[in-house]
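Asker: Take a look at the following structure, please.
The values are calculated or read from the model by the stated rules, or taken from the named source; none is laboratory data. These numbers were taken from a predicted model, which means no experiment stands behind them. No Cβ is skipped: glycine too gets one built from the backbone with ideal geometry, and neighbour counts run over all protein chains shown. Keep in mind that these areas ignore ligands, DNA and RNA; they rest on the heavy atoms of the full protein, side chains included. Shrake-Rupley method; radii C 1.70, N 1.55, O 1.52, S 1.80 Å.
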Amino acid sequence: VQLQASGGGLVQTGGSLRLSCAASARAFGSYPMGWFRQAPGKEREFVGSISWNGDTTYYEDSVKGRFTISRDNADNMVYLQMNSLKPEDTAVYYCAAKRHLYGVQIGVSPDYWGQGTLVTVSS
């Protein structure tokens, strides 16, 4: 069971990026999933999450209105659309999943982690 994140890169302030997370097992379509990030020298922090069916999303305050999480369970994919990027968004972004069947929230201790993808926002 694996999560594979992709889509990171270098972008200027105010730009956009779309991160993707591919899940290796169809079971992930029944789990809540989300994104975390870790900036240099800082602890990993929650960015946002989405319920198993996509009906409910949660976001960290600093990304509300700029980031959007979505999922396509038919393709075992989760996305993070990031708009109006700021230098403080620079971090390694990780997708994650909670092994909670038909769950809504991912919580602070996901059971599965992807390998991370680097997002760098230049000023």
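Asker: Quickly run through segment 80-99 and pick out the residues that are in a loop (DSSP other than H, G, I, E, B), over 15 Å from Pro110 (Cβ atoms) and charged (D, E, K, R). Before the answer, list the steps.
Answerer: Step one: filter segment 80-99 for residues in a loop (DSSP other than H, G, I, E, B), giving 83-86, 90, 98-99.
From the residues that got through so far, the ones that are over 15 Å from Pro110 (Cβ atoms) too are 83-86, 90.
Residue satisfying the conditions is Lys86 alone.
Asker: Could I ask something else about it? Which count do you get for residues in segment 12-65 that are basic (Lys, Arg), open to solvent by 30 Å² or more (accessible area, probe 1.4 Å) and closer than 19 Å to Val121 by Cβ?
Answerer: Restricting attention to segment 12-65, the residues satisfying the condition of being basic (Lys, Arg) are 18, 26, 37, 42, 44, 64.
Applying the additional criterion that residues be open to solvent by 30 Å² or more (accessible area, probe 1.4 Å) yields 18, 26, 42, 44, 64.
Subsequent filtering for residues that are closer than 19 Å to Val121 by Cβ retains 18, 42, 44, 64.
Residues flagged as basic (Lys, Arg), open to solvent by 30 Å² or more (accessible area, probe 1.4 Å) and closer than 19 Å to Val121 by Cβ within segment 12-65 amount to 4.
Asker: When you scan segment 74-99, how many residues do you find that are open to solvent by 50 Å² or more (accessible area, probe 1.4 Å) and closer than 16 Å to Gln2 by Cα?
Answerer: Within segment 74-99, the subset open to solvent by 50 Å² or more (accessible area, probe 1.4 Å) is 74-75, 81, 83-84, 86-88, 98-99.
Those left that are additionally closer than 16 Å to Gln2 by Cα: 75, 98-99.
Qualifying residue count, segment 74-99: 3.
Asker: Something else about it: Of the residues Leu80, Leu10, Leu19, which is in contact (Cβ under 8 Å) with a residue 24 or more places away in the chain and over 14 Å from the mean Cα position of the chain (by Cα)? Before the answer, list the steps.
Answerer: Working: Leu80 fails: over 14 Å from the mean Cα position of the chain (by Cα); Leu19 fails: over 14 Å from the mean Cα position of the chain (by Cα).
That would be Leu10, the only listed residue that is in contact (Cβ under 8 Å) with a residue 24 or more places away in the chain and over 14 Å from the mean Cα position of the chain (by Cα).
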